[in-house]
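A short write-up of the structure that comes next.
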Amino acid sequence: MIDLKEKPFDLDQEAITWVQETLSGMTTEEKIGQLFINLGRSTDEAYIKNMVETYHIGGARYTESDPEKVFMQNQTYQKYSKIPMFIAVNGETGGNTFCNTGTFVATEAECEATGNVQAAYKMGQVCGSEAEALGCNWNFAPIGDIVFNWRNTIVNTRSFGKEPETVLEMCRAYLKGSRESNVLSCVKHFPGDGVEERDQHLVMGINNLSCEEWDESFGKVYQTLINEGLESIMAGHIALPAYSRHFYPELKDEEIMPATLAPELIQGLLRTKMGFQGIVVTDASHMGGMLSAKPRSMQVPGAIAAGCDMFLFFHDPAEDFQYMLDGYKQGVITEERLNEAVTRILGMKAKLGLHKKRIADQLDERGVLGCERHHQIAEEIADQAITLVKDTKHLLPINVDEKKRAKLYYLESAPISYADGTDKAKEIVIEELERVGFEVDVNTSYYELEMQEMSRFNRYKVMDMPGAEEFKSKYDIVFVFVNMNGYAQENNVRVKYSAAHSNELPWWIQEVPTVCVSLNYTNHLYDLPMMKTFINAYAPTRECIRATVEKLVGKSEFKGKYNENVWCGSWDTRL
């Protein structure tokens, strides 16, 4: 039985009565609809009205980025929904993921580098307030993953680190900040990512820790947060074989399922052993870790039967809705399991007070979206976080009067489309280097050559390089800025030059003093061990880039702290 008076619901009798009366008045189809969170594809009112009235959806997440359209869309969802809706966001780094005017505060790795939980607290504070200002009420953050494996890039900068205690304290601080707004928080991705290097967007993840190892790491994080009233958890498409076999000793390898489809992990471990009574939502159901596990007709009701309360995203709305309904009619989802899930959903909506007021009266009525105070927070965290990993040739600080003539190599991931242009952060890097006095000559990548004029000869042009003496006569210093990124496209992201045998390969490293800065992943020394001065800046934002450049020229001290993952288990990265 779910006690709505207790954590994490803490409802008064009026709210409990609303939950009970609403549940008793719902049709089976309405209950089935509450299990789904729709990924909104349109702000069109007719589309929203149809999704709400046809499928009775319990929540939505949107893809629009214009704040006015987002707010109007959220109002429309609530207008047509018989039962108030969850409107979810991915608030991992700040309000920048909500809309194009939101504040990018920091990455999780950036927060860790400050060594101060106040960074995570303030990030949670900004995420909560900016989500609420948009009319959103559920934040799929913070991330409770632990980067045990330095090769893992899907949670490299999206984790608070490699130490369970650090991750726990940062999560607690983030939750404290987020809870200052009327927004639910959601820790992810249970049972925990970061042990292996693969991406659950592409393949079922495997957390191969023993039960004892899991209890002392991921289990410690989740258990503490559960005890303190955590409202919701996102189950990842990640298997935990040790605990699956703990509950089912005869389990065969081919029977091991991701947590989203594993009752022993959701009902056995999370609900029974750990005592979690809040909402469990699946990670996105279009991810490879779920899609490859079972046929869709079994995935959809199977996730609810396993103990998840909400199913994240339709594949085909009519088809998935029918799969869920059929699963109920065929007994895959029992009446008890359905009512239990819907009770939790309604209970959390009541906790938010949605049965009384569904949305703010106007967009950003407190003036918080992208406000000056939030950008000041981003600046403060950047100043505390930027990390000098090594400077073995004692190059820093740089005297601009002595080393003014700079060559810039900017290593970025291939653009999704040449029509998009190159990485916008490249211009920020140039501006900030010039701002402190450098004369910057920017190398042209293969991508830029192709954008200027597509030619089969461009791959040869990018191989051109001057002689060593000529290069030394032209430049006093070389800057290499790296902004590699990847998401749901490859399992592990490494440094990649724009073309084979490109002149971006650090051929000059023994000729001209060189500084290398990572604007994203913290493990690039594995591919760039020859760099003698290496800095982790954590994010390609104006705040992080400006703070980095000012520290390079001695206007500010490096204050950030790295963890041992930066060395990638290799001796040459330390040289």
Quickly run through segment 534-572 and pick out the residues that are over 16 Å from Gln384 (Cα atoms), of a type in the set (Val, Ile, Thr) and part of a loop (DSSP other than H, G, I, E, B).
-> Val553
Return the only residue of Asp326, Asp253, Asp316 being without any contact (Cβ under 8 Å) to a residue 40 or more places away in the chain, surrounded by fewer than 21 Cβ atoms within 10 Å (Cβ to Cβ), within 21 Å of Arg198 (Cβ to Cβ) and of a type in the set (D, E, K, R).
-> Asp253
With (1) open to solvent by less than 10 Å² (accessible area, probe 1.4 Å); (2) touching an Asp or Glu at 6+ places or on another chain (Cβ under 8 Å); (3) among the β-branched types (Val, Ile, Thr) as the list, and Ile477 as the residue in question, which single condition is left unmet?
-> (2)
Report whether or not Val126 is touching a Cys at 6+ places or on another chain (Cβ under 8 Å), closer than 30 Å to Glu543 by Cα and part of a helix (DSSP H, G or I).
-> no
Identify, from the list Lys403, Lys407, the residue that is in a strand (DSSP E or B) and in contact (Cβ under 8 Å) with a residue 24 or more places away in the chain.
-> Lys407
Given (1) closer than 30 Å to Gln267 by Cβ; (2) acidic (Asp, Glu); (3) without any contact (Cβ under 8 Å) to a residue 60 or more places away in the chain; (4) open to solvent by 60 Å² or more (accessible area, probe 1.4 Å), number of the condition Asp3 does not satisfy = (3)
Gly307 buried (at least 18 other Cβ atoms within 10 Å of the Cβ), under 26 Å from the mean Cα position of the chain (by Cα), under 30 Å from Asp10 (Cα atoms) and at pLDDT 95 or above | yes
When Ala113 is evaluated against the numbered criteria (1) hydrophobic (A, V, I, L, M, F, W, C); (2) surrounded by 23 or more Cβ atoms within 10 Å (Cβ to Cβ); (3) touching a Leu at 6+ places or on another chain (Cβ under 9 Å), which criterion, by number, is the only one it fails?
-> (3)
Got a sec? Which helices (runs of 4 or more DSSP H) wholly within segment 275-350 have at least 3 residues that are more than 23 Å from Glu255 (Cα to Cα)?
-> 317-329
Could you tell me whether any residue of segment 512-520 is assigned to a loop (DSSP other than H, G, I, E, B), of a type in the set (S, T, N, Q) and at pLDDT below 95?
-> no
May I ask you to list pairs of residues, at least six apart or on different chains, whose Cβ atoms are under 7 Å apart, with the first in segment 285-313 being farther than 18 Å from Ser244 by Cα and the second being among the small types (Gly, Ala, Ser) and modelled with pLDDT under 95?
-> none
May I ask you to list pairs of residues, at least six apart or on different chains, whose Cβ atoms are under 8 Å apart, with the first in segment 262-277 being at pLDDT 95 or above and the second being among the acidic types (Asp, Glu)?
-> Gln277/Asp3; Gln277/Glu6
Kindly establish whether Gly40 is touching a residue at least 40 places away in the same chain (Cβ under 8 Å) and either open to solvent by less than 10 Å² (accessible area, probe 1.4 Å) or β-branched (Val, Ile, Thr) (or both).
-> no
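Please note which strands (runs of 3 or more DSSP E) are completely contained in segment 8-117 and include at least 1 residues that are within 23 Å of Gly347 (Cβ to Cβ), modelled with pLDDT under 95 and not aliphatic (A, V, I, L, M).
Result: empty, no element qualifies.
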Subset of segment 341-354 [crowded, with 18+ Cβ neighbours inside 10 Å and over 13 Å from Met310 (Cβ atoms)] = Ala350, Lys351, Leu352, Leu354
Could you list, in sequence order, all residues of segment 401-460 that are of a type in the set (Gly, Ala, Ser), touching a helix residue (DSSP H, G or I) at 6+ places or on another chain (Cβ under 8 Å) and under 15 Å from Asn485 (Cβ atoms)?
-> Ala414, Ala425
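Restricting to segment 188-239, name every residue that is of a type in the set (A, V, I, L, M) and open to solvent by 10 Å² or more (accessible area, probe 1.4 Å).
Val195, Leu202, Val203, Met204, Ile206, Leu209, Ile226, listed by residue number.
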Which of (1) basic (Lys, Arg); (2) buried (at least 18 other Cβ atoms within 10 Å of the Cβ); (3) under 19 Å from the mean Cα position of the chain (by Cα) does Arg494 not meet, given it meets every other one?
-> (2)
Starting from segment 166-185, keep only residues that are within 17 Å of Trp138 (Cα to Cα) and assigned to a loop (DSSP other than H, G, I, E, B), then list their pairs with residues that are of a type in the set (D, E, K, R) and open to solvent by 10 Å² or more (accessible area, probe 1.4 Å) whose Cβ atoms are within a distance under 6 Å, requiring at least 6 positions of separation or different chains.
-> Ser181/Glu132; Asn182/Glu132; Val183/Glu132
Could you check how many residues of segment 310-350 are within 21 Å of Leu23 (Cβ to Cβ) and either at pLDDT below 95 or polar (S, T, N, Q) (or both)?
-> 3
If you go through Leu395, Leu388, the only one that is under 17 Å from Glu550 (Cβ atoms), in contact with a Pro (Cβ under 7 Å, 6 or more places away or on another chain) and not aromatic (Phe, Trp, Tyr) is Leu395
Mind listing just one residue for me: the one in segment 518-559 that is hydroxyl-bearing (Ser, Thr, Tyr) and over 25 Å from the mean Cα position of the chain (by Cα) and, of those, surrounded by the fewest Cβ atoms within 10 Å (Cβ to Cβ)?
-> Ser556
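The values are calculated or read from the model by the stated rules, or taken from the named source; none is laboratory data. Since this is a predicted model, take the numbers as computed values, not measurements. Every residue, glycine among them, receives a Cβ derived from its backbone with ideal geometry; neighbour counts consider all protein chains shown. Keep in mind that these areas ignore ligands, DNA and RNA; they rest on the heavy atoms of the full protein, side chains included. Shrake-Rupley method; radii C 1.70, N 1.55, O 1.52, S 1.80 Å.
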